[in-house]
Structures are given as C-alpha cells and as structure tokens.
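The structure follows.
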Amino acid sequence: MKTPEVVPSLLAGDLARLGAQLDAVRAAGCGWVSVDVMDGHFVPNLSFGPDFARLAKSRGFFVDAHLMVSNPLAAAPWFARAGADLVTIHQEAVADAAAALAAVRGLGVRAGLAVKPGTPVAPLLAALDSCDLALVMTVEPGFGGQAFMADMLPKVAALRAAVDARGLDCWIQVDGGVGASTIAAAAGAGADSLVAGSAVFGAPDCAAAFRALEARARAAFAAKASQT
Ligand code: DX5
C-alpha cells in the first residue's frame, strides 16, 4: 500500500477562483488533483473539458482525468494532449477493459479503470494487471456532495488484497463522499488515493481542510500497517 494521497476534485472548486484554490492546496502539500469529466449521457451532468486538465497541469499537479463519459476512447486523447498524467475510464462504458486500458496507455499516460456502485469488483480484479489505478466509486457518479456509500468498502478490501498478493504497482482510489468522517474507513479498507471534492474545495480554508484530511488518511494507513 502506498502512502495515501488526498486528491481534491475540481468539481467542487469555485470557478471564480479555481486557480487560487489550486495554488492554496498546492502550497499545503497537495500534488495530485482530479478532473471529473461528465458528458451528460453516461451521467446526468455536464462538467469540464481538457482546458481544466491544462489549468491543473500549469499549477504543477499530477492530474488525473476521470472520464464519466460514454465514449472514453474518443475523449482520452484530448485529455492526454492537455497534460493529464492518468486517464480513468469506466468499466461500464467499454466492451473490452484490457484493450481500452492498453489504448489509454498507448497515449503515453497512465490508465485507470472505475466501477460504479452497481458494478461488482470482479472486472476490476480481472483488469488489475492492465491498469495503474482501480477506482471504486463510493457515490453514484454525476454530482459532488453526496453521502459516502460505506457498503462499497468490501470492493476496496478485495482490491487491496489482490494488489498486495500480486505485488502490483496499482493505486486503489475511492471517489465520492470522502471527508473527515469517512476518510479513515476508506484508507483503513486499503484505499491509497482518496478523491475529495466538497470536503476540500467546499471548506472555508481549503488548505487546512486538505492537511486535516491527509493527516486522518495517513493515521489510518499507519494503524493498518501496524496490524500487518
Ligand atoms: C461524482 C464525482 C464526485 C467528486 C467528489 O461523479 O466524481 O465524487 O469527484 O465529490 P465529493 O467529494 O463532493 O463527494
């Protein structure tokens, strides 16, 4: 398990001052942000284009583009060209996950695979050797500010066991409802990449919120490590 990273999601950012918010969390030690991309078809919302990945890259972050879109292989090149370091596609949007992940890697970026709450963990386990990140959605994708679905944590635990058993270099990410009261459970289950939108950019002081979440995640990581 890697040292947990708290990954602020731009979806919760204040578009009138997003650059300042990004600079604030960067100064607080944040190195990775997530761009939630929505096409209004795969999910009932429309969000960001590649320019938001370009903005985040210009601020010095590792950028992941989470493609909640029905045609991820059409969109992936746009975000790769805009500077995304990792592109995550949804299992539910592709016929052959391994082939799709290889196509994403072929763009020169890391590849992630995500499952919605209603999709079992099996396809992620089957594709683990082909991806750099496995994402367990802990909300129904489409909107920020939803409640964390703790019943998704067994999927995280199953992924953690598989990644550790196979010695894979694969992040295990959760996304949705991650905050002060839920991040320890997510990290304790084995997640080492924790996407947080509202809990960071929705807070009065996003830098302080980031630092507090990171401390909670790393304390849970240390407690878990001491048990093994
Ligand atoms: C859902 C989005 C959200 C977002 C995080 O499609 O992916 O999960 O990143 O939102 P919060 O942290 O506010 O739940």
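The values are calculated or read from the model by the stated rules, or taken from the named source; none is laboratory data. All figures in this text were calculated on a predicted structure; none of them were measured in a lab. Methodologically, a virtual Cβ is constructed for each residue, glycine included, from the backbone with ideal geometry; neighbour enumeration extends over all protein chains shown. Ligands, DNA and RNA are stripped out before the accessible areas are found, and what is left, the full protein with its side chains, is counted by its heavy atoms. Shrake-Rupley method; radii C 1.70, N 1.55, O 1.52, S 1.80 Å.
In the set Ala93, Ala80, Ala24, Ala12, which member is touching a Pro at 6+ places or on another chain (Cβ under 7 Å) and open to solvent by 10 Å² or more (accessible area, probe 1.4 Å)? Give the steps one after another, and end with the answer.
Values: Ala80 fails: touching a Pro at 6+ places or on another chain (Cβ under 7 Å); Ala24 fails: touching a Pro at 6+ places or on another chain (Cβ under 7 Å); Ala12 fails: touching a Pro at 6+ places or on another chain (Cβ under 7 Å).
Of Ala93, Ala80, Ala24, Ala12, the one residue that is touching a Pro at 6+ places or on another chain (Cβ under 7 Å) and open to solvent by 10 Å² or more (accessible area, probe 1.4 Å) is Ala93.
Given the options Arg166, Arg216, Arg211, name the one that is among the charged types (D, E, K, R), over 17 Å from the mean Cα position of the chain (by Cα) and within 16 Å of the ligand (Cβ to nearest atom). Walk me through how you get there before you give the answer.
Values: Arg166 fails: within 16 Å of the ligand (Cβ to nearest atom); Arg211 fails: within 16 Å of the ligand (Cβ to nearest atom).
After applying the criteria, what remains is Arg216.
May I pose another question? Here's a check for you: in region 38-77, which residue that is charged (D, E, K, R) and more than 16 Å from Leu18 (Cβ to Cβ) is surrounded by the fewest Cβ atoms within 10 Å (Cβ to Cβ)?
So the residue we want is Asp39.
Quick one: what pairs do we get from region 13-39, first residue assigned to a strand (DSSP E or B), second open to solvent by less than 50 Å² (accessible area, probe 1.4 Å) and at pLDDT below 95, C-beta under 6 Å, 6+ apart or different chains?
Taking only residues 6 or more apart or on different chains, the pairs are Val35/Phe48; Val37/Phe48.
Within 14 Å of the ligand (Cβ to nearest atom) and in contact with a helix residue (DSSP H, G or I) (Cβ under 9 Å, 6 or more places away or on another chain): does that describe Ala180?
Spelling it out, Ala180 is indeed within 14 Å of the ligand (Cβ to nearest atom) and in contact with a helix residue (DSSP H, G or I) (Cβ under 9 Å, 6 or more places away or on another chain).
Moving on to the next point. So Ala203 fits all but one of (1) touching a residue at least 24 places away in the same chain (Cβ under 8 Å); (2) more than 17 Å from the chain's Cα centre (by Cα); what number is the exception?
(1)
A further question follows. What number of residues within region 123-148 are open to solvent by less than 60 Å² (accessible area, probe 1.4 Å) and without any contact (Cβ under 8 Å) to a residue 40 or more places away in the chain?
Final tally of qualifying residues: 10.
May I ask you to say which residue of Leu168, Leu194, Leu213 is in contact (Cβ under 8 Å) with a residue 40 or more places away in the chain and surrounded by fewer than 18 Cβ atoms within 10 Å (Cβ to Cβ)?
Leu168
Would you check if there is a residue in region 149-164 being outside any helix (DSSP H, G or I), without any contact (Cβ under 8 Å) to a residue 12 or more places away in the chain and open to solvent by 30 Å² or more (accessible area, probe 1.4 Å)?
No, there is no match, as no residue in region 149-164 is outside any helix (DSSP H, G or I), without any contact (Cβ under 8 Å) to a residue 12 or more places away in the chain and open to solvent by 30 Å² or more (accessible area, probe 1.4 Å).
Ok, one more. Take the residues in region 183-193 that are assigned to a loop (DSSP other than H, G, I, E, B) and touching a helix residue (DSSP H, G or I) at 6+ places or on another chain (Cβ under 6 Å), then tell me which one is nearest to the ligand (Cβ to nearest atom).
The extreme case among them is Ala191.
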